[in-house]
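What follows is calculated from the coordinates using simple rules that are stated; it is not laboratory data. Because the structure is a prediction, the values reported are computed rather than measured. Positions of Cβ are generated from backbone atoms using ideal geometry, with glycine treated the same way; all protein chains shown enter the neighbour counts.
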Amino acid sequence: MNLLKNPNFDEGHEHQDNIPEIVVPKHWYLYWIDKEVFPGGGAVAYRPESVVWNIQNAPPHERPIFFLSGDYCWKVFKASAPVYYAATQVVSGLTPGAQYRFNAQVYPDIVTGHADGKKVRPGDMWAAEARAGWSAPDTPWPRAEDGDVAWSKWFNMHNQNFVFGEYNDVWVEFEAPAGGEVRVWVECKAKWGFENNWFMDAFSLEQIGEAPQPPTPPVEPPSPVSPGGERGAPRKQYARTYVLLPESISPEMAQVALKVAHKHQATVGFSPDDAGIGDLDSRRVICIDPEKIGTGIDQVWYDIYYPGVVFTSITSTSSAAELEEQLKALF
C-alpha cells in the first residue's frame, strides 16, 4: 500500500506561497537554492519554475515519455542557470520498527543543445544528480547540506545508477521510528546552466518488512517448596497423564486433544509447571509441539525442576487427524 498523499500528482495542485511561477501538487512542498552557488555548482543557481503538467497539454509524442501514470506529472525546470531543489511531504501511519522504502521516479531532461533534431546530453557525468532521504517530520531543509536528514547516496552517472533522458528510481530505505511519522525528501541538482528540465511521477512509500516480534519469554522455573511442607501431597496415589498444549494451538487441534484425553481420563492444560507438579509416583507429560511452548521444554528440563516426570513429545503434526492418531498411540 502506498502511504503517500497524492503520489501521482493527480489529486490537485496549487500555487505555493502565492508565487505565480511555483505550482506544486497538493500535500507536497518545494524548496530551492536562489542566488547562491551550491556545493559543487558551476555557477550561481536561481529559483526554478514548477508546474503540474496536464497530459492533454503535452505533445502526443512526449506523453508516453514523461507521464508514467494518470493525467499529470510534476515538472521543475530552469534554463541557462544551475538548479538545486527539494520536494518533500510528511507521512503518518507507519508501523514503528517496520521497514519502508521511499521511491521517487525522476527524469533528468538535461540538454546542452540540439543536433539533427535530437537533444544533446551533457558529457559531464556530474552534470545532474539526485538523492532521497527521510527525517523527523519537523526537520527543516538543510539547504544542500546533509543536516538532520538520513540521505541515500547520490544517484549519478558516476555511480552507474542514473541516466540522463529517462526515468530513474531514486530511493531510500529506513526503519519507521516510534510515533510512525516521518518526512520524506527527494533532492535534485544540475550544476551547469543548460536546459535543466526535471520531470517526476509515480512516487511511492511502501512497507517492505515487518517490525521485529518480541522474543518468547523463557519458561520460568518453579518456586522452591518450603522444607517440611505437605502442600501438593495427594489424598491417595494415582497415575497422572498430562497432555500439554501450546497457547497457539488451533481450536480444531485442541478439540482433538480433549477428545482423546477424555477417553483416557487424562488432564489437558497449557502450563509446563502444572504438568510436572505434584507428589505423585507416576507423572507423565505428553507435550504437543514443545518448540511452541518455550525454551528448554524437554526431559532434561523436567529432570531438573520436576524429577520423576516421564516426558514424551509430539511434533510436526500437520492435521487434526494426524494428531489424533499419534495421541491414541501413546495411551
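So the values come out like this:
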read-out	value
Region 102-151 versus region 159-184: alpha-carbon centroid distance in Å	12
Acute angle (nearest 10 degrees) that the helix 320-329 long axis makes with the longest principal axis of the chain, alpha-carbon atoms	30
Residue-by-residue Karplus 3J(HN,Hα) for region 48-53, coefficients 6.51, -1.76, 1.60, Hz, glycine and proline x	x, 9, 9, 9, 9, 8
Rel. contact order, % - alpha carbon contacts under 8 angstrom, at least six apart, region 13-209	31
Antiparallel DSSP beta bridges within the chain, as percent of all bridges there, nearest 5	80
Point-to-point label distance, Glu220-Glu166, nm (Cα→Cβ direction, 7 Å offset)	6.2
Percent RCO, i.e. relative contact order, over region 58-158, from Cα pairs under 8 Å lying at least 6 residues apart	19
Degrees separating the helix 251-263 axis from the principal Cα axis of the chain, which is the longest one	0
Ranked list, fewest to most other Cβ atoms within 10 Å of each Cβ, for Ile277, Ile286	Ile277, Ile286
As computed over the chain, the Cα convex hull volume per residue (Å³)	226
Cα pair distances in region 13-209, grouped into 5 Å bins until the bin that holds the longest one, percent each	1, 7, 16, 20, 21, 17, 10, 5, 2, 0, 0, 0
Unsatisfied cross-links (Cα-Cα over 31 Å) in the set Lys236/Lys263; Lys5/Lys292; Lys5/Lys153	Lys5/Lys292
Contact order normalised by residue count of the chain, Cα under 8 Å, 6+ apart, percent	18
Ranked list, fewest to most other Cβ atoms within 10 Å of each Cβ, for Leu4, Leu258, Leu244, Leu205	Leu258, Leu4, Leu205, Leu244
Rounded Å value of the spacing that divides the Cα centres of region 8-79 and region 283-317	66
Surrounding net charge for Phe162, when Lys and Arg each add one and Asp and Glu each subtract one, Cβ distance under 11 Å	-1
Ascending count of other beta-carbon atoms within 10 Å, so fewest first, for Asp146, Asp298	Asp146, Asp298
Signed unit charges on C-beta, dipole axis of the chain, positive-most listed residue Gly97, Ile314, Met200	Ile314
Environment charge of Val260, counting only residues whose C-beta is closer than 12 Å and scoring Lys/Arg +1, Asp/Glu -1	+1
Magnitude of the charge dipole, the chain, Cβ model with Lys/Arg +1 and Asp/Glu -1, debye to 20	320
Sum of side-chain charges, Ala275 neighbourhood, beta-carbon under 11 Å (Lys, Arg +1; Asp, Glu -1)	+1
